[in-house]
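The values are calculated or read from the model by the stated rules, or taken from the named source; none is laboratory data. Since we're looking at a predicted model, the values are computed, not measured. Please note: Cβ atoms are built from the backbone with ideal geometry, for glycine as well, and neighbour counts cover all protein chains shown. These area figures cover heavy atoms from the full protein model, side chains too; ligands, DNA and RNA do not enter into them. Shrake-Rupley method; radii C 1.70, N 1.55, O 1.52, S 1.80 Å.
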Amino acid sequence: MTIEGKKILVTGGAGFIGSWIAETLASKNSVKVADSLKTGNKDNLKKILPKVEFTETDIRKREKLSGLIQGAEIVFHQGANVQIQASVDDPQMDADINIGGTLNVLDACRKHDVERVVFASSSAIYGNPSNIPVTESAKPSPLSPYALSKLAGESYMKLYSDLYGLKTISLRYFNVYGPRQNADSPYSGVISIFTKNVREGKPLTVFGDGEQTRDFVNVKDVVKANMLAAESKPAVGKAFNIGTGKSISLNDMISILEKKTGKKLVVKYKEKRKGDVMHSCPDISLARKILGFVPSVAFEDGLSELL
Ligand code: UD1
């Protein structure tokens, strides 16, 4: 199946990842974007407005969402509470959006015969996995309300596929980075914070000894995974790890930043964050095999673009 020419709805389409999905599809598809603008930003759509139809709404608003989903053929469901700390402070809000909102999306898709739903899940569902690299068959162990609500979202995706024949696919994003990622909160992605501080000549703060590792995957590759998931037949009903398959420590990442800027950066080491995972790395063989997913952005190039 090809998604070219299909009618698309992107929930969370004004957000960091959703806006890149909308932008990628805008030239060859009719695209609608729904976003509450709670963490999304209309500026992210400036290149594609008014070609893309934007509606400010929250996925908790069932009727309005259903009206937007009516007529869509493919839904990229990226809308979510994405703030882990906010989920810890207010688990009910997180569940209302990430579980209730996801159910609203699925139910409207079922009602309006949407062909396919691609869901943004998270590596957070694994918690602290006992084996690294982690495969999709590892036992989930959510450590935050956010991780739990993403896991519930995935389970509903699978259930709607099995029970109602709605074609759903979940993508477990690892540490996504790239242009448009918000850097304004201490809980923003570390790359967005570090590259912003480097640009502004400010010191970097490392929580812990800097030896923690992450798989940083460029948003362009995440968009690619979404496109593949929207087209792949054998992917239906499954969940996939989406990363590069290679992790790097914060200290090594800082060395790359120093090499690129030609400057010695000021780095302050502070106490490790509570609940912080030490090592995170996906096995991406399943995405490779079933989706044909091959990440293509070299980490150094992705960093250069942000600097
Ligand atoms: C990330 C995701 C989260 C996802 C989770 C899965 C982001 C923003 N968060 O959290 O959505 O569910 O993986 O496990 O992508 N750090 C510093 N200094 C800073 C900021 C962060 O040292 O200024 C450290 C953190 O303590 C952490 C590492 O850098 O050890 C990465 O932090 P962060 O980018 O927030 O991502 P995760 O915690 O992995």
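Considering (1) touching an Asp or Glu at 6+ places or on another chain (Cβ under 9 Å); (2) touching a residue at least 40 places away in the same chain (Cβ under 8 Å), say which one residue 94 fails and leave the rest.
That leaves (1) as the condition not met.
Every residue, every condition in (1) modelled with pLDDT of 95 or more; (2) more than 19 Å from the chain's Cα centre (by Cα); (3) within 16 Å of the ligand (Cβ to nearest atom); (4) open to solvent by 60 Å² or more (accessible area, probe 1.4 Å), yes or no:
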residue: 102; (1), (2), (3), (4): yes, no, yes, no
residue: 105; (1), (2), (3), (4): yes, no, no, no
residue: 108; (1), (2), (3), (4): yes, yes, no, no
residue: 111; (1), (2), (3), (4): yes, yes, no, yes
residue: 115; (1), (2), (3), (4): yes, yes, no, yes
residue: 123; (1), (2), (3), (4): yes, no, yes, no
residue: 136; (1), (2), (3), (4): yes, no, yes, no
residue: 140; (1), (2), (3), (4): yes, no, yes, no
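Among the residues of segment 38-48, count how many are assigned to a loop (DSSP other than H, G, I, E, B) and not hydrophobic (A, V, I, L, M, F, W, C).
6
Is at least one residue of segment 142-158 part of a helix (DSSP H, G or I), away from the ligand (no atom under 16 Å from the Cβ), within 19 Å of the chain's Cα centre (by Cα) and free of Cβ contacts under 8 Å to residues at least 12 places away in the same chain?
Yes, because at least one residue in segment 142-158 is part of a helix (DSSP H, G or I), away from the ligand (no atom under 16 Å from the Cβ), within 19 Å of the chain's Cα centre (by Cα) and free of Cβ contacts under 8 Å to residues at least 12 places away in the same chain.
Mind listing whichever residues of segment 225-249 are surrounded by fewer than 21 Cβ atoms within 10 Å (Cβ to Cβ) and within 19 Å of residue 300 (Cα to Cα)?
Of everything in segment 225-249, those that are surrounded by fewer than 21 Cβ atoms within 10 Å (Cβ to Cβ) and within 19 Å of residue 300 (Cα to Cα) turn out to be 245, 246, 247, 248, 249.
Filter segment 247-269 down to the residues that are in contact with a Pro (Cβ under 9 Å, 6 or more places away or on another chain) and basic (Lys, Arg) and list them by number.
Initially, segment 247-269 is screened for residues in contact with a Pro (Cβ under 9 Å, 6 or more places away or on another chain), giving 247, 265-268.
If the condition is that a residue be in contact with a Pro (Cβ under 9 Å, 6 or more places away or on another chain) and basic (Lys, Arg), then 268 is the only one that fits.
List the residue pairs whose Cβ atoms are under 7 Å apart, where the first residue sits in segment 278-307 and is within 10 Å of residue 241 (Cβ to Cβ) and in contact (Cβ under 8 Å) with a residue 60 or more places away in the chain, the second is in a loop (DSSP other than H, G, I, E, B) and charged (D, E, K, R), and the two are 6 or more positions apart or on different chains.
Short answer, once both residue conditions are applied: 281/215; 282/215; 286/136.
Of 168, 195, which residue is farther than 15 Å from residue 254 by Cβ, of a type in the set (S, T, N, Q), crowded, with 20+ Cβ neighbours inside 10 Å and in contact with a Leu (Cβ under 8 Å, 6 or more places away or on another chain)?
Working: 195 fails: farther than 15 Å from residue 254 by Cβ.
That would be 168, the only listed residue that is farther than 15 Å from residue 254 by Cβ, of a type in the set (S, T, N, Q), crowded, with 20+ Cβ neighbours inside 10 Å and in contact with a Leu (Cβ under 8 Å, 6 or more places away or on another chain).
Please return the ranges of strands (runs of 3 or more DSSP E) entirely within segment 49-129 where 2 or more residues are over 17 Å from residue 32 (Cα atoms).
Per the criteria, 116-122.
Which one is surrounded by the most Cβ atoms within 10 Å (Cβ to Cβ), of the residues in segment 178-191 that are in contact (Cβ under 8 Å) with a residue 12 or more places away in the chain and more than 8 Å from the ligand (Cβ to nearest atom)?
Filtering segment 178-191 for residues in contact (Cβ under 8 Å) with a residue 12 or more places away in the chain gives 178-183, 185, 187, 189-191.
Checking the rest, the ones that are also more than 8 Å from the ligand (Cβ to nearest atom) come to 178-180, 182-183, 185.
Values: 178: 23, 179: 16, 180: 18, 182: 18, 183: 17, 185: 13.
Applying the filter and picking the extreme gives 178.
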